[in-house]
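Reading through the structure tokens given below for one structure.
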Amino acid sequence: MGIGELRETLAGNLRLQGFGCRALGSPFYGDLLDRMAEDAGAGGIVWEVLGPHASAPFGEVYPLRLLGGVHRLVLADDAPDLARHYPTTGGDGDAAATWGPFAALLADRHDAWGPALAHPPQTNEVGRSVALLAGLLTLRQAIRLPVRLLELGASAGLNLLLDRYCYEQDGFAWGDPGSKVRFAELWNDGTPPLADGVVIDSRRGCDRQPIDASDPAARQTLMSYVWPGQSRRFELLQGALDIAAGSPPRVDTAAMTDWLPAQLAQPRTSVVTVVFHSIVWQYLSESERTNVEDVIAAAGARATADAPLAWLRLEPPPEMVPVELRLTLWPGGQERLLAVGEFHVGALQWRA
Ligand SMILES: C[S@@+](CC[C@H](N)C(=O)[O-])C[C@H]1O[C@@H](n2cnc3c(N)ncnc32)[C@H](O)[C@@H]1O
């Protein structure tokens, strides 16, 4: 590919990313990405920074990696000219006024972009706890044992703390009534079995690259990947990180294909073991998926009424939307589609 073509490819990817950001609630990034596209097409500073990755597939999201790096400096009080415009730091959200200081920062802080571009964005969406809790409430109807939670791809482990948030629906409430993380009336078409409670026996997760919720720099990294303007996501994350900082859940640094077999090696009696994951499956290779499925099925075959096993997952289908909540339960191995919903936080429909 010639240089002109590469610039156009990069500009096209930036525009496409901007379209996505605008559609998903960040018009600020939408406008900023349009300006970045123009600059890249003209061989400006954006081309200088992102040019080496111009031919990378769109899915590797280099523009979002760079935006995350800039946002991190903004959140760390390291870019006051930008902070006055970024919605996440109380700024005016004026992308046109942001562009000048944004381009200047790209030129001034070359040291920051190598590390920023080296990693794909990492998130932890606490809004997924609404669906996951519904799965546990459904499970409670069948099995009245305390729950042993095992999360795959837990990130900071915020969804392992799902009982520390407050959920309200149709006059029912669960979780911690004083929690600063609150969800209200998100089920808009049918409701999960609401009347029961969930008793958590233990919680533990794994991630290839866990985020330590008690480390301020790690928290900022996680927050930097939320798009400015998505204020609900940002507030929920901040609130959940505050809750986790006091007693962070245990998230082991491990690939799930190494970690899960050890957790499931022996059936545990007097609890129901729940292996769960949300928006993780798409990041696994075909062989990793088969491996995890085989490990769960083998543990399912060993499950008994006193040591049952559940597999709860919130994952997109092959056509990507809507995201599906599915539950499989052993002994028996019966699978049910429980609900469908969105990727982050939003309306959910009960399907069981
Ligand atoms: C999109 S994030 C979702 C995080 C969390 N489950 C949530 O719903 O917010 C995907 C997570 O999976 C982790 N991950 C990807 N592949 C993994 C693997 N093979 N083993 C362990 N963790 C993995 C990533 O590091 C990342 O934290």
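One line per residue, one yes/no per condition, for (1) surrounded by 21 or more Cβ atoms within 10 Å (Cβ to Cβ); (2) modelled with pLDDT of 95 or more:
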{"site": "LEU139", "(1), (2)": "yes, yes"}
{"site": "GLY157", "(1), (2)": "yes, yes"}
{"site": "GLY197", "(1), (2)": "no, no"}
{"site": "CYS206", "(1), (2)": "yes, yes"}
{"site": "ARG233", "(1), (2)": "yes, no"}
{"site": "LEU237", "(1), (2)": "yes, yes"}
{"site": "PRO248", "(1), (2)": "no, no"}
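If you go through segment 104-124 and keep only what is farther than 24 Å from GLN238 by Cβ and open to solvent by 40 Å² or more (accessible area, probe 1.4 Å), you end up with ALA104, ALA107, ASP108, ARG109, HIS110, ASP111, GLY114, ALA118. Here LEU137, LEU161 are screened, and the one residue that is under 18 Å from the mean Cα position of the chain (by Cα) and assigned by TED's automatic domain parsing to the domain that holds ARG336 is LEU161. Count, please, the residues in segment 210-230 that happen to be open to solvent by 30 Å² or more (accessible area, probe 1.4 Å) and either in contact with a Leu (Cβ under 7 Å, 6 or more places away or on another chain) or within 23 Å of THR88 (Cβ to Cβ) (or both). Residues in segment 210-230 being open to solvent by 30 Å² or more (accessible area, probe 1.4 Å) and either in contact with a Leu (Cβ under 7 Å, 6 or more places away or on another chain) or within 23 Å of THR88 (Cβ to Cβ) (or both): 10 in total.
Of the candidates PRO192, PRO101, the single residue that is more than 19 Å from THR221 (Cβ to Cβ), in contact with a helix residue (DSSP H, G or I) (Cβ under 9 Å, 6 or more places away or on another chain) and surrounded by 21 or more Cβ atoms within 10 Å (Cβ to Cβ) is PRO192.
Okay, residues lined up against (1) assigned to a helix (DSSP H, G or I); (2) within 16 Å of the ligand (Cβ to nearest atom); (3) touching a residue at least 12 places away in the same chain (Cβ under 8 Å); (4) of a type in the set (D, E, K, R):
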position	(1), (2), (3), (4)
TYR167	no, no, yes, no
PRO193	no, no, yes, no
SER214	no, no, yes, no
GLU235	yes, yes, no, yes
ALA245	yes, no, yes, no
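The test for being at pLDDT 95 or above and either touching a strand residue (DSSP E or B) at 6+ places or on another chain (Cβ under 9 Å) or open to solvent by 60 Å² or more (accessible area, probe 1.4 Å) (or both) does not hold for ARG65. Of all residues in segment 1-34, those satisfying the criterion of being among the hydroxyl-bearing types (Ser, Thr, Tyr) and either buried (at least 19 other Cβ atoms within 10 Å of the Cβ) or not in a helix (DSSP H, G or I) (or both) are SER26, TYR29.
A quick yes/no check of all residues on (1) assigned to a loop (DSSP other than H, G, I, E, B); (2) among the hydrophobic types (A, V, I, L, M, F, W, C); (3) under 22 Å from ALA131 (Cα atoms); (4) over 26 Å from the mean Cα position of the chain (by Cα):
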{"site": "VAL275", "(1), (2), (3), (4)": "no, yes, yes, no"}
{"site": "SER287", "(1), (2), (3), (4)": "no, no, no, no"}
{"site": "ASN291", "(1), (2), (3), (4)": "no, no, no, no"}
{"site": "ALA298", "(1), (2), (3), (4)": "no, yes, no, yes"}
{"site": "TRP311", "(1), (2), (3), (4)": "no, yes, yes, no"}
{"site": "GLU319", "(1), (2), (3), (4)": "yes, no, yes, no"}
{"site": "GLU324", "(1), (2), (3), (4)": "no, no, yes, no"}
{"site": "GLY332", "(1), (2), (3), (4)": "yes, no, no, yes"}
{"site": "GLU335", "(1), (2), (3), (4)": "no, no, yes, no"}
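Every residue, every condition in (1) in contact (Cβ under 8 Å) with a residue 60 or more places away in the chain; (2) within 16 Å of the ligand (Cβ to nearest atom); (3) open to solvent by less than 30 Å² (accessible area, probe 1.4 Å); (4) closer than 28 Å to GLU185 by Cβ, yes or no:
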site	(1), (2), (3), (4)
ALA298	no, no, no, no
ARG302	no, no, no, no
ALA305	no, no, no, no
LEU312	yes, yes, yes, yes
GLU315	no, yes, yes, yes
GLN349	yes, no, no, yes
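The values are calculated or read from the model by the stated rules, or taken from the named source; none is laboratory data. Predicted model only: the values in this text are computed from it and were never measured. With ideal geometry, Cβ positions are generated from the backbone for all residues, glycine too; neighbour counts draw on all protein chains shown. Heavy atoms of the whole protein, side chains included, go into the accessibility calculation; ligands, DNA and RNA do not. Shrake-Rupley method; radii C 1.70, N 1.55, O 1.52, S 1.80 Å.
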